[in-house]
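J.: There's a structure below that I have some questions on.
The values are calculated or read from the model by the stated rules, or taken from the named source; none is laboratory data. None of the values given here were measured: they were computed from a predicted structure. A quick note on method: Cβ atoms are made from the backbone with ideal geometry, for glycine too, and the neighbour counts reach across all protein chains shown. Keep in mind that these areas ignore ligands, DNA and RNA; they rest on the heavy atoms of the full protein, side chains included. Shrake-Rupley method; radii C 1.70, N 1.55, O 1.52, S 1.80 Å.
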Amino acid sequence: RPEGPVDPCGELGDGVVVTAIVAVAATVLFARHRRGLAVGVVVALVGTVTVTYVVKAVAGRDRPTSAGRLVEVVGDAFPSGHASQAVACYGALAIVVVATSGRRWAKVGAVAGAVLLAGLVGVSRVYLGAHWASDVVSGWIVGVAWLVAVAAVSWALWRGERPPGGGETPGP
């Protein structure tokens, strides 16, 4: 592991951490017979990671110079994987809470917590010099876009309809 200051906020967007969180959440959801939500949480993270790495490979953008970095990082910068993974993980968990809780305060708290965590992860990446601000914003956009797509398809399937472009929907 590279030496340098500890980045607890950035660690919340690290691939190992978000994978562990999603694995635990999916396991609990499966055990509670909420298989659709479990699959949605996994697909949200896996899809976001895939899209992020494809865009990184195409863009090939360098990170800020090492002279301005407080942490040692490798790989392409655009978009920020930590930022996109944080949005996918915590956003998907917020969607689970919104979908399953009858308490307004829990729903508001889950969404606010997801936004706060994803925001802290992104800000820490810029502060430490691991990314340009535009890398982080693009990471957030990738995460939100994929999360919205997964939620829209999940909602359509839950309602017994085909996803957009998938043909006719059942009648009343």
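J.: Give the residue, chosen from 121, 96, that is open to solvent by less than 50 Å² (accessible area, probe 1.4 Å) and in contact with a His (Cβ under 6 Å, 6 or more places away or on another chain).
T.: The conditions single out 121.
J.: Do we have residue 61 as more than 26 Å from residue 131 (Cα to Cα), at pLDDT below 85 and surrounded by fewer than 19 Cβ atoms within 10 Å (Cβ to Cβ) here? Reasoning before the result, please.
T.: On the way: more than 26 Å from residue 131 (Cα to Cα): no; at pLDDT below 85: yes; surrounded by fewer than 19 Cβ atoms within 10 Å (Cβ to Cβ): yes.
So residue 61 does not fit the description; no.
J.: Kindly list the number of the only condition in (1) at pLDDT below 90; (2) open to solvent by 50 Å² or more (accessible area, probe 1.4 Å) that fails for residue 24.
T.: (1)
J.: Specify which of the listed residues (16, 71) is modelled with pLDDT under 65 and either exposed (fewer than 13 other Cβ atoms within 10 Å of the Cβ) or not in a helix (DSSP H, G or I) (or both). Before the answer, list the steps.
T.: Values: 16 fails: modelled with pLDDT under 65.
Unique residue meeting the criteria: 71.
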